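Quick notes on the structure that follows.
The numbers here are math on the coordinates, done by the rules we state, and not lab data. Everything numeric in this text was worked out from a predicted model, so none of it was measured. Neighbour counts are summed over all protein chains in view; Cβ atoms, including those assigned to glycine, are modelled from backbone coordinates with ideal geometry.
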Amino acid sequence: MANTPSAKKRVRQIERRTEVNKARRSRIRTFLRKVEEAIAGGDQDKAREALQAAQPEIARGVTKGVLHKNTASRKISRLAGRVKAMSA
């Protein structure tokens, strides 16, 4: 348990940041789920639109420190590949 005033303050700050990061992570997952559902539904136009909406959201997660840069790149790359493969 935190004893010093500075440690207690850090605990309060961490709690606030955790809530914000949870919301950001949840928002990113929602966008990813929309892409997944469009791919599963077989609608390439809808999947492409969902992917274009998801890409900036994923990139924002990187700048905010919720996702690692390579993780975001990997997710975008794999989703883009799956959307592209739908036309074949």
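Out of ALA53, MET1, ILE76, whose Cα points farthest toward the positive end of the dipole of the chain (charges: +1 Lys, Arg; -1 Asp, Glu; placed on Cβ)? Ranked along the dipole, the leading option is MET1. Mind checking the log10 I(q)/I(0) for region 5-85 at q = 0.17, 0.22 Å⁻¹? Debye, one equal scatterer per Cα, no solvent, two decimals. One equal scatterer on each Cα of region 5-85 leads to -0.67, -0.95. Measure nothing but the geometry: give the 0 to 90° angle between the long axis through the Cα atoms of 69-85 and the longest principal axis through the Cα atoms of the chain, rounded to 10°. So the inclination is approximately 20 degrees.
Look at the alpha carbon pairs under 8 Å that are at least 6 residues apart: their mean separation over the length of region 21-88 gives a relative contact order of 36 percent. Within the same chain, lysines fewer than 8 places from LYS9 are excluded, and of the rest, those with a Cα less than 21 Å from its Cα are LYS22.
Relative to the longest principal axis of the Cα atoms of the chain, the long axis of helix 44-63 lies at roughly 20 degrees. With both labels modelled 7 Å from their Cα along Cα-to-Cβ, the ARG82 to ALA59 distance reads 2.1 nm. The calculated FRET efficiency for LYS69 paired with ASN3, based on their beta-carbon distance and R0 = 25 Å, is about 0.10.
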